[in-house]
Structures are given as structure tokens and as C-alpha cells.
Amino acid sequence: MTEPIISIRDLSVAYDGHQVLDRVNLDIQRNEIMVLLGGSGSGKSTTLRHIIGLERPDSGTILVRGVDINRCSATELRKIRRSVGVAFQDAALFNSLSTDENVGLPMRELTELAEPVIEIMIYMKLAVVGLGGAGKLLPYELSGGMKKRAAVARAIALDPEILVFDEPSAGLDPIVSAELDELILLLKRVFQMTILVVTHEIASAFRIADRIAMLDNGSLIAVENKDSFKASTDPRIRQFLDPVPKSLPESAAVLDHLRELAGLTGAVR
Amino acid sequence: MNAFEDLGSVVIQQFAYVGGLTGQFWSGVLALPRMFPIMGKRGRWQSALRQMAAIGVAALPMIGIMALCAGFILALQGAAELRRFGALRYVIDLVAIGFTRELGPLLTAIVVSGRSGSAFSAEIGTMMVTNEIDALRTMALDPIEFVLAPKFLAALIMVPCLTIMCNVFGIAAGAGFMYLSTKMNLVVYIRYVFDSIVLRDVFSGLVKSLAFATIIVHVGCREGFKVQGGPEAVGRATTSAVVKSTFLVILADLFFTVIFYLSGWSG
């Protein structure tokens with residue numbers, strides 16, 4: 001196996017004494033789509049924020065293209081960041097800029113390309129995500145799905161090697177969500193990108209993943225291809241795949257209290 | 001013991017705040033050259049120009065009206081006392097010196113703090129909530145250079161300009177008062193104004209206005225960058241930006257006034 005493009009070693013993070021990530025180890029290979037699954041509060045967004053260098057871990061290392069992003073120089077970090085595109089959950093488009101200005105921002109700020117070249121590239125990036133005609137619209141004029149695709153166009157503006165998605169399906173209807181999954185597959189196929197997707201949507205994960213990693217209470221409990229993940233007998237994975245609602249720990253007491261309140265208001269005699 | 005711990009915690013927090021503010025100030029200063037046309041980043045000066053319009057041009061009507069009112073009030077209050085000594089003419093000195101040294105910079109700073117300082121913190125706070133600042137960082141763009149520096153440059157240019165306009169409006173209000181009370185014509189009034197103030201009065205006011213501009217921009221942006229959570233945190237940051245920047249502006253005013261007094265500048 002070749003050297004992984006992202007390598008996480010013993011990543012541990014605690015906030016106010018609460019352990020959010022506990023010695024997480026994960027390798028992501030070139031040209032694969034790795035889906036990081038997990039329920040709410042499992043630590044997947046925290047893992048993502050550390051991988052893209054927005055936060056520093058308490059302990060452990062994160063190597064991106066062989067460079068430790070928490071111990072490298074500012075110049076090296078800038079270089080690494082230019083090779084990683086990020087599509088945030090809520091798109092994070094700049095509201096004061098039109099869609100094409102949003103997409104062109106990294107090119108205008110970080111390259112010396114001539115303006116006509118930038119304009120052609122903006123159109124190409126928007127066309128890839130299916131927004132060729134929406135360049136002049138402001139973010140508030142875009143639908144949820146269009147915003148996410150515009151965020152992808154901005155994330156791929158500098159042709160990054162690695163593309164990171166934070167909850168790409170969140171807030172989208174199933175059809176738009178499936179379209180976005182197709183776009184992720186297209187980006188991998190056409191641009192040979194390594195893609196990391198953080199999500200809790202199982203259907204989307206199975207559609208796009210080459211491998212699936214699962215976090216549970218801050219610990220990585222599985223890193224498998226999607227077929228073996230589907231067939232896993234681990235009860236924590238089964239609970240996630242075939243969810244059965246947990247009963248409230250004090251449900252009897254809660255019900256008694258509700259009956260008492262209903263009696264006071266006269267709703268129940 | 002808890003009281004000591006709480007006190008210690010508050011002191012540490014305040015030191016951390018001042019430390020953060022100082023670091024942000026120097027980052028902002030280092031980013032300023034990249035705001036200028038030709039030598040700076042492409043299109044960045046246009047952002048600074050937009051900020052100048054927002055900070056300066058849009059604030060002019062409010063500053064004008066406030067300065068006219070404050071100038072008239074100062075003249076009335078001064079006249080009530082000076083008339084008793086037959087020294088009504090000295091109302092001109094009171095208004096001219098009062099505005100150029102003190103009221104012009106202070107009134108301007110209070111208006112800019114309320115209008116623009118709050119807008120800075122709300123804008124940046126919203127960008128924090130919607131991950132726009134994170135998006136900048138992941139694109140290898142420095143939020144200080146991209147968001148703060150255009151505002152900083154704009155404020156450094158526009159706050160002194162607004163201060164001069166505030167002085168003009170305040171002194172004009174004095175002219176109105178003198179005309180109504182003594183029928184003094186404008187030419188005579190202006191001659192008295194130029195007799196009463198010297199260049200260093202105007203200069204000391206402008207030095208203050210530069211310091212006030214720096215405080216308003218950096219406190220406003222700092223409060224914005226500190227936002228965590230949702231919209232209510234943006235609201236708190238906005239309030240905090242206005243309260244802290246107004247407080248620090250008055251502290252800085254006291255500091256500069258004492259320095260100018262001790263150095264003989266305001267003598």
C-alpha cells in the first residue's frame with residue numbers, strides 16, 4: 001500500500017475535561033473516498049476541524065501529504081491548505097459576494113492568473129457543479145442544494161488534491177442529496193481527488209464510499225470497505241445501521257409526571 | 001478562597017484580552033501595506049474604499065447634526081456664565097478650542113463606535129457563526145488581512161476627516177449663537193476663531209482621532225472574532241464592542257489629554 005495522503009496518529013482532544021476524541025488513528029489513501037460516519041456528538045466534526053488545521057490537538061499528529069500540519073512552518077501550512085478544498089456544512093459562502101466572486105476568490109487572492117483566465121476558470125468550475133448560469137446570483141438567492149454546489153465549486157477552484165465535505169447531505173431533500181453524491185463521485189473520477197466526507201447519512205455513505213470509518217463516543221471503532229461495514233456484527237455499528245430508539249432512562253417517572261400535570265390542567269380525569 | 005480565584009480568573013481574562021488585542025493590532029499594522037493600490041493585493045483597496053464610504057460618508061449627516069447641537073449647547077452654557085463677566089466674546093474661544101481639542105474627536109469617536117464598531121463586530125460575528133472565517137483560513141487567507149485591514153485603513157483615514165468636519169460643524173453652531181445673541185457677522189467670528197486656536201490644537205485632536213479609530217476597529221473586530229455559538233452571541237458581541245470601545249476611547253482621551261497637558265501642548 002502506498003503512503004497515505006492523510007495520516008492521523010493517536011489524535012486526542014478534550015474540551016473542558018470532556019474527552020471528545022480518544023487516540024484516533026486513521027489513514028486515508030490517495031484517490032479514495034473515505035466516509036467518516038458517526039452519530040451526533042461522536043467527534044466526527046472535531047476530527048474534520050483538526051484535519052483541516054482549524055484546531056490544534058491536545059496530543060497526536062496529523063500528517064497531510066507527509067507534513068505534520070501542527071508542527072510545520074506557516075509557509076508549509078499555507079501550501080498544504082492550498083492543496084485541500086473544504087465544502088462546509090452550511091456552504092460558508094461570503095454573503096457580500098456573488099456566486100462567481102465566491103468561486104473566484106481563491107484564484108484572485110492566491111494566484112497571479114490574469115482576470116480573463118480567472119473568469120474562464122470560474123465558469124468552468126461552476127459548470128462542473130451544474131451552476132453555469134448562476135454566477136451572478138448572490139448566496140441568498142440560491143437554494144440549499146445550489147449553495148452546497150457553489151461551495152464545492154469554490155473548494156475545487158485551485159484544483160486541490162484533497163476535498164473535504166462536512167455533512168454534504170444535511171438539510172437537503174433525498175433527490176438533491178443523491179445529486180450531490182453523484183457530483184462527489186464525478187469529482188473523484190474526473191479529477192482523481194482524494195475525498196473525505198463527514199456525515200451521518202447512511203444511504204449517502206453507502207452510495208459514495210470506498211471505505212467507511214466510524215466514530216463512536218470519540219473512539220474509532222471501524223475502518224472497513226462498505227461491504228464488510230454493512231455486514232459488521234459490532235453492536236455499535238448495528239445500532240447505527242438498524243436504529244432502534246433507546247428508551248428514556250427515567251421514562252416511567254417522566255410519564256407519571258406528565259400524568260400529574262395533565263390531571264392538574266384537567267386534560268385527564 | 002473562591003473570591004480570590006474569581007478575581008484571579010477575571011484578571012487573567014483581562015490580560016488575555018489585552019494580549020489578544022495587541023497581537024491583533026500588530027497583525028493589522030503589518031497587513032496595512034497590502035491594502036494600497038499597486039503595491040497591495042489586487043482589489044483590496046476597493047474593499048477599503050467601500051469601508052471608507054460606510055465609516056465616513058454615511059456617518060457625516062449624523063455627526064453634522066450632533067456637532068451642531070453640541071456646539072450650540074456649549075455656546076449657551078458658556079454664555080450663561082461668561083455674560084455675567086461681560087466676556088461673551090470668549091464663548092468663541094470656548095467653542096473653538098473645546099471642539100478642536102476635545103469635543104470633535106470624542107463626539108466623532110462615539111458616533112463611529114456606535115455605527116461602525118457595532119457593525120464590525122456583527123459582521124465578523126456572523127461570519128464566525130456561518131463558518132466564513134473558517135472558510136477563509138482553510139483557503140490559506142488571513143482573516144486579519146482580508147476582513148480587518150480594509151476597515152483599519154478606512155477608519156485611519158475617515159475618522160480624522162470626520163473629526164475635522166465635526167469641528168467645522170461645532171464651530172459653525174457657535175457662529176449661529178453669536179449671530180443670534182450679538183449680531184456678530186461671520187467674517188468677524190471666523191477671525192476670532194483663528195485668533196483663539198493654534199495649529200497644535202487641531203493636531204492634538206487629530207492625534208486623538210487616530211488613536212480612537214484604532215481602538216474602535218480593533219475592539220469591534222476582536223469582539224466579532226470571539227463569537228462562538230449562534231445569533232445571540234452576535235448580539236452580545238455587538239453590545240460588548242460598543243461598550244468596550246466607548247470606555248477605552250474615554251480612557252485613551254484622558255491619557256492623551258494628560259500627556260498634552262504635561263508636555264505643554266494644551267497650554
Residue pairs within 7 Å by beta carbon, gap of at least six or interchain, first lying in the range A:47-59 and closer than 18 Å to B:Ala135 by Cβ, second surrounded by fewer than 22 Cβ atoms within 10 Å (Cβ to Cβ) and of a type in the set (Phe, Trp, Tyr), listed first then second, are none
Taking the range B:70-89 and keeping only residues that are surrounded by fewer than 17 Cβ atoms within 10 Å (Cβ to Cβ) and either of a type in the set (Gly, Ala, Ser) or under 24 Å from B:Arg200 (Cβ atoms) (or both), one is left with B:Ala80, B:Gly86, B:Ala87, B:Arg89
* Asked: Is the range B:136-144 home to any residue that is surrounded by fewer than 21 Cβ atoms within 10 Å (Cβ to Cβ), in contact with a Phe, Trp or Tyr (Cβ under 8 Å, 6 or more places away or on another chain), within 8 Å of chain A (Cβ to nearest Cβ) and part of a helix (DSSP H, G or I)?
  -> no
Of the residues in the range A:80-90 that are more than 8 Å from chain B (Cβ to nearest Cβ) and surrounded by fewer than 24 Cβ atoms within 10 Å (Cβ to Cβ), the one that is nearest to the chain's Cα centre (by Cα) is A:Ser83
From the option list A:Val198, A:Val190, single residue qualifying as surrounded by 22 or more Cβ atoms within 10 Å (Cβ to Cβ), under 28 Å from A:Leu110 (Cβ atoms) and of a type in the set (A, V, I, L, M) is A:Val198
Residues in the range B:37-48 that are away from every other protein chain (no Cβ under 14 Å) and either on the phi > 0 side of the Ramachandran plot or in contact (Cβ under 8 Å) with a residue 12 or more places away in the chain (or both) total 2
Output for Cβ contacts, cut-off 7 Å, separation at least six or different chains, first residue closer than 15 Å to A:Ser96 by Cα and basic (Lys, Arg) in the range A:134-146, second at pLDDT 90 or above and surrounded by fewer than 19 Cβ atoms within 10 Å (Cβ to Cβ), reads A:Lys136/A:Ser98
Taking the range A:102-113 and the residues there that are more than 8 Å from chain B (Cβ to nearest Cβ) and either surrounded by fewer than 18 Cβ atoms within 10 Å (Cβ to Cβ) or touching a Pro at 6+ places or on another chain (Cβ under 9 Å) (or both), the one that is modelled with the highest pLDDT would be A:Asn102
Exactly one of B:Ile92, B:Ile65 is surrounded by 21 or more Cβ atoms within 10 Å (Cβ to Cβ) and of a type outside the set (Gly, Ala, Ser), and that residue is B:Ile92
Examine the range B:117-132 for a residue that is more than 14 Å from every other protein chain (Cβ to nearest Cβ), touching a residue at least 24 places away in the same chain (Cβ under 8 Å), assigned to a helix (DSSP H, G or I) and of a type outside the set (Ser, Thr, Tyr), and state whether such a residue exists. yes
**Asked** Does A:Lys79 satisfy the criteria of being in contact (Cβ under 8 Å) with a residue 24 or more places away in the chain and of a type in the set (D, E, K, R)?
**Response** no
In the range B:70-106, residues that are assigned to a helix (DSSP H, G or I) and either free of Cβ contacts under 8 Å to residues at least 12 places away in the same chain or aromatic (Phe, Trp, Tyr) (or both) total 10
- Message: Looking for something within 30 Å of A:Asn102 (Cβ to Cβ), away from every other protein chain (no Cβ under 14 Å), under 22 Å from the mean Cα position of the chain (by Cα) and part of a helix (DSSP H, G or I) - is there at least one such residue anywhere in the range B:190-209?
- Response: no
Screening B:Ala155, B:Ala172, B:Ala149 for residues that are in a helix (DSSP H, G or I), more than 25 Å from B:Pro33 (Cα to Cα) and among the small types (Gly, Ala, Ser) leaves only B:Ala172
Considering the range A:52-73, residues that are within 16 Å of B:Met139 (Cβ to Cβ) and more than 10 Å from chain B (Cβ to nearest Cβ), and then whichever is farthest from the chain's Cα centre (by Cα), we arrive at A:Ile69
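The values are calculated or read from the model by the stated rules, or taken from the named source; none is laboratory data. Being a predicted model, the structure only gives us computed values, none of them experimental. Please note: Cβ atoms are built from the backbone with ideal geometry, for glycine as well, and neighbour counts cover all protein chains shown.
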